[in-house]
Amino acid sequence: MDTQLDTANDRLDNAQIWQGLKQAIANSSGFQRWKVENHQEKITDDQLVQRYLRETLETLAY
């Protein structure tokens, strides 16, 4: 029983961490510049942050 509770708490913690991280990224000047330069289509901020992170990590991988 405690394992299920721990797992639920971990999921909640992860969701809270992701929300905070997503908000910090969305407010960053790098993200704002990238958003203006690259993406005009109507997608959610969550999708934009995910795309920004993916493209940034792909660039760093080279």
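Each value in this text was obtained by applying a stated rule to the coordinates, not by laboratory testing. Here the structure is a predicted model, which is why all the values come from computation and not from measurement. A quick note on method: Cβ atoms are made from the backbone with ideal geometry, for glycine too, and the neighbour counts reach across all protein chains shown.
Couple of notes before you dig in:
- Out of Asn27, Asn14, one residue alone is surrounded by 10 or more Cβ atoms within 10 Å (Cβ to Cβ), without any contact (Cβ under 8 Å) to a residue 60 or more places away in the chain and not hydrophobic (A, V, I, L, M, F, W, C). It is Asn14.
- Filtering the range 47-54 for residues that are surrounded by fewer than 10 Cβ atoms within 10 Å (Cβ to Cβ), in a helix (DSSP H, G or I) and either at negative phi or of a type in the set (A, V, I, L, M, F, W, C) (or both) leaves an empty set.
- Selection of the range 19-46 for residues being over 16 Å from Thr59 (Cβ atoms), assigned to a helix (DSSP H, G or I) and either in contact with a His (Cβ under 6 Å, 6 or more places away or on another chain) or polar (S, T, N, Q) (or both) yields Gln19, Gln23, Asn27, Ser29, Gln32.
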